[in-house]
Every structure is written in structure tokens, then in C-alpha cells.
Amino acid sequence: MDRQRDLPGLRPVVGARLRGQGHLVPVRFPPVVKPTRVTNTIRAQRFAHDEMTQAELARRIGVSRQTVIAIEQGRYSPSLEMAFQIAQVFGVPLDGVFQYSPGGGANGTCTPGDTDNDGGDN
């Protein structure tokens with residue numbers, strides 16, 4: 001018995017093929033990860049505070065280690081409340097941990113004193 005005939009209103013999806021397997025994906029969806037213009041010094045702050053682990057920072061602010069990793073790598077921008085919590089853990093003002101650059105950071109991270117905002121080593 002053909003079960004697809006019993007499903008009303010289904011139409012084939014038009015779009016790009018996935019990995020050559022014949023599966024179709026709609027082309028109207030934008031990329032999932034959008035580059036962030038927020039850079040941070042979380043890694044440097046962790047090492048300045050007795051080499052705090054990502055797991056310890058995550059425990060202190062009530063998130064998963066994976067969330068800390070994503071924030072640290074610039075793949076995720078934390079909520080304002082979480083940003084304040086992170087700064088409080090390190091005992092520094094918010095802009096001591098997070099910086100915003102209208103030009104955008106390359107990978108979302110920078111080191112203290114890094115003024116070119118590209119996230120690199122100069």
C-alpha cells in the first residue's frame with residue numbers, strides 16, 4: 001500500500017540537493033550561524049583567574065560547557081544578563097570582557113589590548 005497517497009497536501013520541496021543523496025532542501029533559508037560583531041576576552045580572563053576551566057565558568061553562570069565554548073569562540077552572543085554574570089565572575093566591568101565593533105570581529109575573540117578588532121594576533 002502506498003502511504004504517501006494518504007497524506008493530503010504534500011508537495012515536493014524544490015531546492016538544493018543535500019550531499020548528493022537526492023534529498024531536497026528549500027533554498028529560501030539563510031545560513032544558521034550569523035557572524036557576530038561582539039568580541040570577547042573570556043579565554044584570557046579564564047587564564048588570568050587561576051586558569052579557570054570552561055566547565056567551572058559554566059557552573060558559575062548556570063549554563064553548559066558547550067555554551068561557554070560557543071560564546072568564547074564567538075559563535076554565540078550571550079544575553080545581556082549572562083554577559084553581566086560572566087563579567088561578575090571575573091570581577092571586571094562588562095566592557096572588560098565583551099567589546100562591540102561595528103566593523104565586526106573575524107572570529108569573535110580578541111585579547112586584552114587588541115585594538116584592531118580583528119580577533120587576530122596583529
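Taken over the alpha carbons of region 34-81 as equal point scatterers, the Debye sum produces base-10 log I(q)/I(0) values at 0.25 Å⁻¹ of -0.97. Each of the peptides 79-89, 47-57, 63-73 was scored by the mean count of other Cβ atoms within 10 Å over its residues; in descending order, highest first, they stand as 63-73, 79-89, 47-57.
You can think of it this way: the chain between residue 60 and residue 85 has 8.1 nm of extra reach, that is 0.36 nm per residue less the Cα-Cα gap. Projected label points at residue 53 and residue 99, each 7 Å from Cα along the beta carbon direction, are separated by 3.0 nanometres.
Karplus-based coupling profile of region 82-99, in residue order and whole Hz: 5, 4, 5, 4, 4, 4, 5, 4, 8, x, 10, x, 3, 6, x, 10, 10, 10, with θ = phi - 60° in 6.51 cos²θ - 1.76 cosθ + 1.60 and x standing for Gly or Pro. Couplings for region 37-53, taken from phi via the Karplus curve 6.51 cos²θ - 1.76 cosθ + 1.60 with θ = phi - 60°, read 9, 8, 10, 8, 10, 4, 4, 5, 5, 4, 5, 6, 10, 6, 6, 4, 7 Hz in order; Gly and Pro are left as x. Rolling a 1.4 Å probe across the protein heavy atoms gives region 34-83 an accessible surface of 60 Å² per residue.
The values are calculated or read from the model by the stated rules, or taken from the named source; none is laboratory data. None of these values were measured; they are calculated from a predicted model. Ideal geometry is used to build each Cβ from the backbone, glycine not excepted, and the neighbour counts take in all protein chains shown. All accessible areas refer to the heavy atoms of the entire protein, side chains included, with ligands and DNA or RNA removed. Shrake-Rupley method; radii C 1.70, N 1.55, O 1.52, S 1.80 Å.
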